[in-house]
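S.K.: Quick one: the structure is below, questions incoming.
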Amino acid sequence: MKKREPFFWFTISCGVVILAFILVPLVEMMTSPSFSALEESIKDKEVLRSIWLSLYTAGSAALISFLLGTPLAYILARIDFRGKRLVESIIDLPIVIPHPVVGIAILSVAGKNHWIGRFLFDIGVRIMGSVTGIIVVLTFVGLPFYINAVKDGFEGISPRLENVSRSLGASMTSTFFRITFPLAWRSMLIGIIMCSARAISEFGAVVIVAYHPMIAPVMIYERFEAYGLKYSQPVAVWLVFVCLSLFLALRILTLHRKTET
Amino acid sequence: MIFIENLHINLPGFSLRDISLHVKENEFFILMGPTGSGKTVLLEGISGLVPIRQGKILIGGREVTAMPPEKRGVSLVYQDHALFPHLTVKDNIRYGLRYHPIDKKEGRRRLRLLVEKLDIKHILKRLPLNLSGGEKQRVALARALIVSPQVILLDEPLSALDPVFREEIRNTLKNLQSSSDTTFMMVTHDFAEALALADRAAVINNGTIEQSGSIDDIFLRPRSVFTADFVGMKNIFEGQFRDNRFLVQDVEIMIDRKLDTSKGHIAIRPEDILIGPKVMRSNTRNTFEGRVKNIIDQGFTYEVHVGVRGVVFKSLITKKGLYKMGIQEGDNIPIAFKSASIHSF
């Protein structure tokens, strides 16, 4: 057998360390709660409600990102304009801002000291301590992931396809729905999954804007604080299970795309 | 059919300047120029896909300068075919039908006709992904032609194809053009292609039109050094006209006619320059003694560079000719060319 250089073994060792670093704590946590504890926690109405709320709010954030983010992603992928870099940087801001700061920033416009907050109050929209508030926060943190994924998807479609479609008589709208959308839907789906995966894991920003109603991460934190590790673990397992399902779906979809093209 | 007047297009890093062209109805017009000369941008400008800074475009008597692409009656065919990858060949071809006042029966008739003419019946149900280059190009042509556009714009339709397909598609193009009312405008960087297809043509270089007119005119009477070089006149000399002579350095070349300008250019095709011992006996007026500087193998032919008092003449001869005469680098040989084959400008 060919003799490998030390560098090869170094890279392998790094890989093993990283995989262990990720997997050992996760596996330990997933396997430590007893089956009965898991069963008990999934029958707990509060737990179910929190997981459902997490899914529901993250899904809503993804839906909002889809509706508002798709046109923007399209423009960013197709048109070069002055200040485009700036716009892209602004979109990436939520990724780099510390999570509690996001919560505080949102509250500072949603409060009564700000005209937006007063306007929202007048039309009966509450942000602080409400499902709406949670969705706003999750959209804030998830939107960049959706836009970037979909922008990449649009960029992968040759503008010449759209040009040909236009020259054959199709309007811009018709071209979008007959050519661009069918070719980009998979990247949109991936964007939705990325966005909701990010949203479902948010804790820091949500806990500031809405401690109640409780989403799953907040509930895990509360149980940990009040009762300790043993009681927070089963809820955590269920949440991880949900996140893993999302991740798996993403992998399957991207893999499928690679074999097709 | 197409009138372009004083057109300016500015794109980041590239601009077209002062383009004026006239393409007649149902003719095969070829726009030729090297890579990066602005040919594709001009096609996209005519299609309405890039913003126009200044100037006018008229298609079929209608000013379309500010019209969106879908209203212009211009079909575009790209070099990479740009077939819609998620639609079958049949759906690709039928794509544009719904945007035109064509009823279903007529649509089916046109599809049948094109499919037959382009011989693509066997691939109708397939997706574009696994088609050959020639098949893709035929599908792209069918898709563009089914809506009976006033103008079809072809962006280097042949250059991405294997030589076998290239000739086949070239014949197809010529047939399609003569059997339809559509005006064909094609872009190419290959002058031989232009010679085979074009009625009239234009040479574009660096964002401006160098020359436009009948293909024979461009071929025989280029008006600039660039055009002369592009059409394969490899011997281009700058010098002084004096009566019916032209002076390049110390070499005096006899020409047919007198030119007013004292300074200017002459150009001679390499195949018009004869070399070898026999040429002395011919009655051409320009004969020189030179030394073979270089012999370049070009496949079927050789290009022989002969230096005459510091001026290098390039002559094209067949492989057989070279072997027969046994010419080698460093040999002294006579060269000759007729005054009639000298083009001056």
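The values are calculated or read from the model by the stated rules, or taken from the named source; none is laboratory data. From a predicted model like this one, the values you see are computed outputs, not experimental measurements. Here Cβ is always computed from backbone atoms with ideal geometry, including for glycine, and neighbour counts include all displayed protein chains.
S.K.: For the stretch B:294-329, which positions are surrounded by 15 or more Cβ atoms within 10 Å (Cβ to Cβ) and not in a strand (DSSP E or B)?
M.R.: If the condition is that a residue be surrounded by 15 or more Cβ atoms within 10 Å (Cβ to Cβ) and not in a strand (DSSP E or B), then B:321, B:322, B:325, B:327 are the ones that fit.
S.K.: Hey, among B:302, B:323, which residue is at pLDDT below 90, aromatic (Phe, Trp, Tyr) and farther than 30 Å from residue B:257 by Cα? Outline the logic, then answer.
M.R.: Working: B:302 fails: at pLDDT below 90.
Only one candidate passes the filter, namely B:323.
S.K.: Continuing with the same structure: From the list B:62, B:109, which one is surrounded by fewer than 18 Cβ atoms within 10 Å (Cβ to Cβ), more than 30 Å from the chain's Cα centre (by Cα), free of Cβ contacts under 8 Å to residues at least 60 places away in the same chain and away from every other protein chain (no Cβ under 14 Å)?
M.R.: On inspection, the qualifying residue turns out to be B:109.
S.K.: Could you tell me which of the residues A:200, A:179, A:208 is free of Cβ contacts under 8 Å to residues at least 24 places away in the same chain and in contact with a Leu (Cβ under 8 Å, 6 or more places away or on another chain)? Lay out the reasoning, then the answer.
M.R.: On the way: A:200 fails: free of Cβ contacts under 8 Å to residues at least 24 places away in the same chain; A:208 fails: free of Cβ contacts under 8 Å to residues at least 24 places away in the same chain.
Sole residue among the options that is free of Cβ contacts under 8 Å to residues at least 24 places away in the same chain and in contact with a Leu (Cβ under 8 Å, 6 or more places away or on another chain): A:179.
S.K.: From B:124, B:129, B:154, which residue is in contact (Cβ under 8 Å) with a residue 24 or more places away in the chain, of a type in the set (A, V, I, L, M, F, W, C), within 17 Å of residue B:80 (Cβ to Cβ) and surrounded by fewer than 21 Cβ atoms within 10 Å (Cβ to Cβ)?
M.R.: B:129
S.K.: Residues that are of a type in the set (A, V, I, L, M, F, W, C) and in contact (Cβ under 8 Å) with a residue 40 or more places away in the chain: list the helices (runs of 4 or more DSSP H) wholly contained in the stretch A:22-129 that include at least 1 such residues.
M.R.: Working: elements: A:35-43, A:45-78, A:84-96, A:99-110, A:115-122.
Ranges flagged: A:35-43, A:45-78, A:84-96, A:99-110.
S.K.: Given the criterion at negative phi and surrounded by fewer than 19 Cβ atoms within 10 Å (Cβ to Cβ), identify the matching residue among B:11, B:16.
M.R.: Testing whether each residue is at negative phi and surrounded by fewer than 19 Cβ atoms within 10 Å (Cβ to Cβ) leaves just B:11.
S.K.: What number of residues within the stretch B:9-49 satisfy the criterion of being among the aromatic types (Phe, Trp, Tyr) and either under 15 Å from the mean Cα position of the chain (by Cα) or assigned to a loop (DSSP other than H, G, I, E, B) (or both)?
M.R.: Taking the stretch B:9-49 first, the residues among the aromatic types (Phe, Trp, Tyr) are B:14, B:28-29.
So of that shortlist, the ones also either under 15 Å from the mean Cα position of the chain (by Cα) or assigned to a loop (DSSP other than H, G, I, E, B) (or both) come out as B:28-29.
Total satisfying the criteria: 2.
S.K.: Also, quick follow-up: Test of understanding: among A:109, A:150, A:102, which residue is away from every other protein chain (no Cβ under 14 Å) and either within 30 Å of residue B:136 (Cβ to Cβ) or at pLDDT 95 or above (or both)? Reasoning before the result, please.
M.R.: On the way: A:109 fails: either within 30 Å of residue B:136 (Cβ to Cβ) or at pLDDT 95 or above (or both); A:102 fails: either within 30 Å of residue B:136 (Cβ to Cβ) or at pLDDT 95 or above (or both).
The unique qualifying residue is A:150.
S.K.: When you check residue B:222 against the structure, is it assigned to a loop (DSSP other than H, G, I, E, B) and under 13 Å from the mean Cα position of the chain (by Cα), yes or no? Let's see the steps before the verdict.
M.R.: On the way: assigned to a loop (DSSP other than H, G, I, E, B): yes; under 13 Å from the mean Cα position of the chain (by Cα): no.
Taking the combined requirement at face value, the residue does not satisfy it.
S.K.: Could you say whether any residue in the stretch B:185-193 is closer than 18 Å to residue B:37 by Cβ, free of Cβ contacts under 8 Å to residues at least 60 places away in the same chain and in the same structural domain as residue B:79 (by TED's automatic domain parsing)? Give the steps one after another, and end with the answer.
M.R.: If we filter the stretch B:185-193 for residues that are closer than 18 Å to residue B:37 by Cβ, which is where we start, we get B:185-193.
Checking which are free of Cβ contacts under 8 Å to residues at least 60 places away in the same chain leaves us with B:192.
Checking which are in the same structural domain as residue B:79 (by TED's automatic domain parsing) leaves us with B:192.
Yes, the stretch B:185-193 contains a residue that is closer than 18 Å to residue B:37 by Cβ, free of Cβ contacts under 8 Å to residues at least 60 places away in the same chain and in the same structural domain as residue B:79 (by TED's automatic domain parsing).
S.K.: Could you list, in sequence order, all residues of the stretch A:67-89 that are surrounded by fewer than 17 Cβ atoms within 10 Å (Cβ to Cβ) and under 13 Å from residue A:192 (Cα atoms)?
M.R.: A:67, A:68
S.K.: Mind checking whether some residue in the stretch B:183-201 is modelled with pLDDT under 90, at positive phi and of a type outside the set (A, V, I, L, M)?
M.R.: Within the stretch B:183-201 (the criterion being modelled with pLDDT under 90, at positive phi and of a type outside the set (A, V, I, L, M)), the answer is no, since none of the residues qualifies.
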